[in-house]
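To start, the structure under review is shown below, and the notes come after it.
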Amino acid sequence: MKFRVERVRKHISGRSPAATETIPTRLTYWSLLAVILLLALLIRTIPLTYSHFWDETVYLQHAKVIVDGRTNYDEFDYRPPLLPFLYALGFAAWDHVYVANLVQGVVTTLAVLFIFLYVKPLFGPAPAMFAAFLLAFTPYFVRASHDLLTDMPAVMFILAAMWLFDKPGARFAFLSGVVSALAVQTRFTSLFVFVYFALDAALSLRKKFGSLVLLLAGAAVAIAPYLIWVRWNYGDFLHPFAIARRITDEWTAPVPPSFYYNGLLQIFPFSMLLLLGLGILFASARAARHRRTGDSGGLLAGWAEAGAPGKRQLVLLTWGLAFLAYMLSIPHKEVRYLLPLAIPVAVISAVSLAESVLWLSRRTIPVRVASLLLCLVLVTVDYLPPFQKLMKPWVDRSESETVRIARYLREVSALDDTVYAAHDFPVLAFYSERRTVSLLPIQANFDKAWRDLMTRPGFFVYFDPTGITETHSVTPSFKPDRPFLEASPNFRAVRVFSRGTVYRYEPAREQRR
């Protein structure tokens, strides 16, 4: 069977000159993409993990609230609902904690597919394949995709919305708004995707104004049920957004902006940052050529006039810088919060890589061989580490100590007992299945407020501060501390673990009344 062979066109420059080299057939491209997707799914799913940490167990607990009707603990008042809903669908099919890894793997692998679909129409199949490779195998992206958190699923929905917005037709613009609303309901900071749509439409306002209106209509329709539910339960349509912002602004210790400088180096390997720099340089050079005609305007105007691909790179770069500036303004910082930057960085880097390959194809054989060897070294160093996990057990049945404490509490407690803790309380809630109360809200005035909050008998879990590596709390040490526990007759130690101690708690009689 003879396949039609296509030739490379310079989509990147916004022009369509004569072809310069052949590329694999469409069937080969889709076959290669299928291999990338399967490998991405594998390294995002394994190991199937039994023990999970703080934020992961919040979403697992919420999934159990949805599917089983648990009432012992939840954070729906400031956590987005969509990821737990997806886990709940998985639990409905297979009631095991491992199912969350499977769901997470599928959802985050879709991001690889959508970046390919997003890049291909405008920049061509080669940059699209490179973008899929970068998103699939960059080590930090893989780790973040395996964790049961909202960051990479939100990136998936953002990419899907961007792809749909580029497709012609009113229904796709409307669907783009729907998917954007799903991104927001996965992670609230995904609201920033609407800045991207505004920037994209601004460069072609007459062409895209109608699509932008339809997008906003779709987003409104898709998020309305959630906002109505919020209004019904908490009395204010914006309650989760406001509380989430207060937590990051007021209830957690501020982190200096320099933290994100190191964070960017953790997320993006050297080779990708190099490609990003080359991509900006290439695009700037093309823009400068467009300005040599003597027309008014600067370099940015040249980017905007360098055809649709040039406009898209300008939009992505501007959006990425604006998002970074916004994240720098938030006092509480975590490296994973920067993951939406994977979209502009991966796209521009992939386009840059495609241009570099075309440039090298015109060089002498020794130059091409040396470049190929250098690429193999960079790929081995920067993108193969995630595959090392394939050499280890694919199922991790180990239990963290907090999980062991939670399972102990489930064994020794009565159904009406309450578990109190100032640290890792979501983990205790999910694995113990007992009513759990966080003491974090009263840390500032614990001595006055603890009797009003701790009104029911049960257990208190004290964690040794020396074993707590990350708290994000304004208060550096948690209360009640060891001296308070030893002096209070309400607390009696019943089991000592290496990282903490379980106390039986009995409130005073006047507290029970």
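Quick note: the coordinates plus some simple rules give every number you see, no bench work behind them. Just so we're clear, the structure is a prediction, and the values are computed from it rather than from any experiment. Cβ sites come from the backbone with ideal geometry, for glycine too, and all protein chains shown count toward neighbours.
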*asked:* For the chain, what does the relative contact order come out to in percent, with C-alpha contacts under 8 Å and a separation of six or more?
replied: 17 percent
*If we count other beta carbons within 10 Å of each Cβ, what is the order of His96, His239, fewest first?*
His96, His239
_Given the DSSP H assignment, sum -39500 (n - 2.57) over each helix run of at least 4 residues in the chain and divide by its residue total; what's the result at 222 nm in deg cm²/dmol, nearest 500?_
-19500 deg cm²/dmol
*Percent of beta bridges antiparallel (DSSP, the chain, rounded to nearest 5)*: 55 percent
_Length gained when the stretch Gln266-Glu411 is fully extended (0.36 nm per residue, less Cα-Cα span)_ = 48.1 nm
*Net dipole in debye of segment 112-203 [+1 Lys, Arg Cβ; -1 Asp, Glu Cβ; about Cα centre; nearest 20]*: 140 debye
*Dipole of the chain (Lys/Arg Cβ +1, Asp/Glu Cβ -1, origin at the Cα centre): which of Leu205, Ser498, Tyr234 lies farthest to the positive side?*
Leu205
_To make sure I understand, if each residue's beta carbon is the centre and we count other beta carbons within 10 Å, what order do Thr501, Thr138 fall in, fewest to most?_
Thr501, Thr138
_Estimated dipole of segment 401-512 in Debye, rounded to 20 [Cβ of Lys and Arg +1, of Asp and Glu -1, Cα centre]_ = 240 debye
*Lys/Arg Cβ at +1, Asp/Glu Cβ at -1, dipole of segment 298-402 taken about the Cα centre: which of Ala322, Ala354, His332 is farthest positive-ward?*
Ala354
*Between segment 480-511 and segment 177-236, how many Å separate their Cα centres?*
48 Å
*For segment 401-512, what is the convex hull (Cα atoms) projected area averaged across all directions, in square nanometres?*
6.6 nm²
*asked:* Assuming a strict under-30 Å limit between Cα atoms, what lysine pair count do you get for the chain once near-sequence pairs (fewer than 8 apart, same chain) are dropped?
replied: 23
*Rounded, prolate or oblate: pick one for segment 214-269, where a ≥ b ≥ c are the square roots of the eigenvalues of its C-alpha gyration tensor, a/c under 1.5 means rounded, and failing that, prolate if a/b is larger than b/c, else oblate.*
oblate
*Taking the Cα centre of the chain as origin and charging only Cβ (+1 Lys, Arg; -1 Asp, Glu), how large is the dipole, in debye to the nearest 20?*
1800 debye
*Net charge over other residues, Cβ less than 13 angstrom from the Cβ of Leu83 (K, R count +1; D, E count -1)*: -3
*Please order Met391, Met454, Met162 by the number of other Cβ within 10 Å, starting at the fewest.*
Met391, Met454, Met162
*Normalised by the residues of segment 401-512, what does the relative contact order come to in percent, with Cα pairs under 8 Å and at least six apart?*
27 percent
